[in-house]
Amino acid sequence: MRELTQCVVTPPIEHAGFASLSVPTFRASTIVFDNAQQYAERGKRGPDGYTYGLHGTPTTRALEARITALEGGVRTALMPSGQAAIAVVLLTVLRPGDSVLIPDTAYPPVRGLAENFLNDFGIHYRVYDPCIGAGIAGLIDEHTRLVWVESPGSTTMEIQDLPAIVAAAKAKGALVGCDNTWATPLYFKPLAHGADFSIEAITKYVGGHSDLLMGSVSVATIEMHRRLKATMRMLGMGVSPDDCFLALRGLETMGVRLAHAGKTALALAEELSTHPAVACMLHPGLPSCPGHALWKRDFTGSSGVFSIVLEDGRDLAIEQALNGLRVFRIGASWGGTHSLIAPMSIAKDRTLSTWSASSVILRVSIGLEDPEDLREDLLGLLERLISADIAA
């Protein structure tokens, strides 16, 4: 070979004797074939085969396999974000004339997708009370193709009765999808309770370090996986092998991170629930939280995210109080090593709830800092709210 060719072609490298605990990062757009016949028949390789880098590399498959095992499913598909994962499910199963039921407490962009995009294509949605349980049967008609579940609910943390919802949906031929990001498959397994789709925002606890965006959908049948992959192909949707490597690494420590964050979060929620600035704590592990009995029945643990509802009027000084934080950072998302707090005004996103337009809920995500530092920071925040009220 001449020099310019040698710049491109890699000589054979001996791999014998090399073993690593780390999953290699295989980056590729083009996938090459041994002969012309293999290339001509590449479409027969199916969704698990390698045909083009967008549709997966061995790094992608390794992450899919790990998540599938944790979810107790048969296959997993990876998307560029948690919202993308939800969108692909809806676009795969819904057709003009169909409808989807969405809980009032769902992640707001889910309702936004239905209202601002799917509606234009004749796909309708209806909002339901997340605590309806088996009563959802009365909302499922011949047009209902999918029932969406998010448990616990976004910010307000209601636990839904997934087994009862699944039973009602299956009796009427509807599918069930569950956003399981808060619990992760370590603490709850939607597929084991009869759901057709278990969705994770890999961005959160799986990634674990606030530096990647990804989502996953795990399913119980090969056919549903095939349909999801077909939708992804038509949308030109794939994920980066480099991000898959980060997610694989995050998975290895997710168990210990969740255990630490969950224990710290529950202890803080219990202690601070009696503070005079607090109206109530929204944490499924607390008996006072809606759905606590269901959480105790169906879940094996709790993660590090909970919410603080302030007493009426305490949120008037919330900006100044938040600016005094030393350890917590103010920001969206959650599930990383750094503790976060976010003031949430949810009334505009709710149809069936009684949250007042002026109330602010503090969503808290516990990270890996020393629990005592976090306790002091939250206490300081609450005390500043009290002081501001006295000064006024």
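Assorted remarks:
- Taking the listed residues 46, 73, 82, 17, the one that is surrounded by 14 or more Cβ atoms within 10 Å (Cβ to Cβ) and out of contact with any helix residue (DSSP H, G or I) (no Cβ under 7 Å at 6 or more places or on another chain) is 82, with no other qualifying.
- Each residue in the stretch 92-117 was checked for being surrounded by 19 or more Cβ atoms within 10 Å (Cβ to Cβ) and either modelled with pLDDT under 95 or under 22 Å from residue 153 (Cα atoms) (or both), and 13 pass.
- Hey, residue 131 closer than 26 Å to residue 281 by Cβ, surrounded by fewer than 21 Cβ atoms within 10 Å (Cβ to Cβ) and not β-branched (Val, Ile, Thr) or not: yes
Here's the yes/no breakdown for (1) within 19 Å of residue 148 (Cβ to Cβ); (2) surrounded by fewer than 24 Cβ atoms within 10 Å (Cβ to Cβ); (3) not aromatic (Phe, Trp, Tyr):
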{"position": "187", "(1), (2), (3)": "no, yes, no"}
{"position": "191", "(1), (2), (3)": "yes, yes, yes"}
{"position": "198", "(1), (2), (3)": "yes, no, yes"}
{"position": "205", "(1), (2), (3)": "no, no, no"}
{"position": "210", "(1), (2), (3)": "no, yes, yes"}
{"position": "223", "(1), (2), (3)": "no, yes, yes"}
{"position": "231", "(1), (2), (3)": "yes, yes, yes"}
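- Of all residues in the stretch 106-150, exactly one satisfies the criterion of being basic (Lys, Arg) and assigned to a helix (DSSP H, G or I), namely 111.
- When the stretch 69-105 is filtered for residues that are of a type in the set (S, T, N, Q) and assigned to a strand (DSSP E or B), the ones remaining, listed by number, are 76, 99.
- In the stretch 123-137, the condition of being β-branched (Val, Ile, Thr), closer than 23 Å to residue 346 by Cα and over 17 Å from the mean Cα position of the chain (by Cα) is met by at least one residue.
- Of all residues in the stretch 14-33, those that are farther than 27 Å from residue 250 by Cα and modelled with pLDDT of 90 or more have Cβ atoms under 7 Å from Cβ atoms of residues that are part of a loop (DSSP other than H, G, I, E, B) and of a type in the set (Ser, Thr, Tyr), 6 or more apart or on another chain, in 31/50; 31/51; 31/52.
The values are calculated or read from the model by the stated rules, or taken from the named source; none is laboratory data. The shown structure was predicted, so the numbers you read here are calculated from the model rather than taken from an experiment. Positions of Cβ are generated from backbone atoms using ideal geometry, with glycine treated the same way; all protein chains shown enter the neighbour counts.
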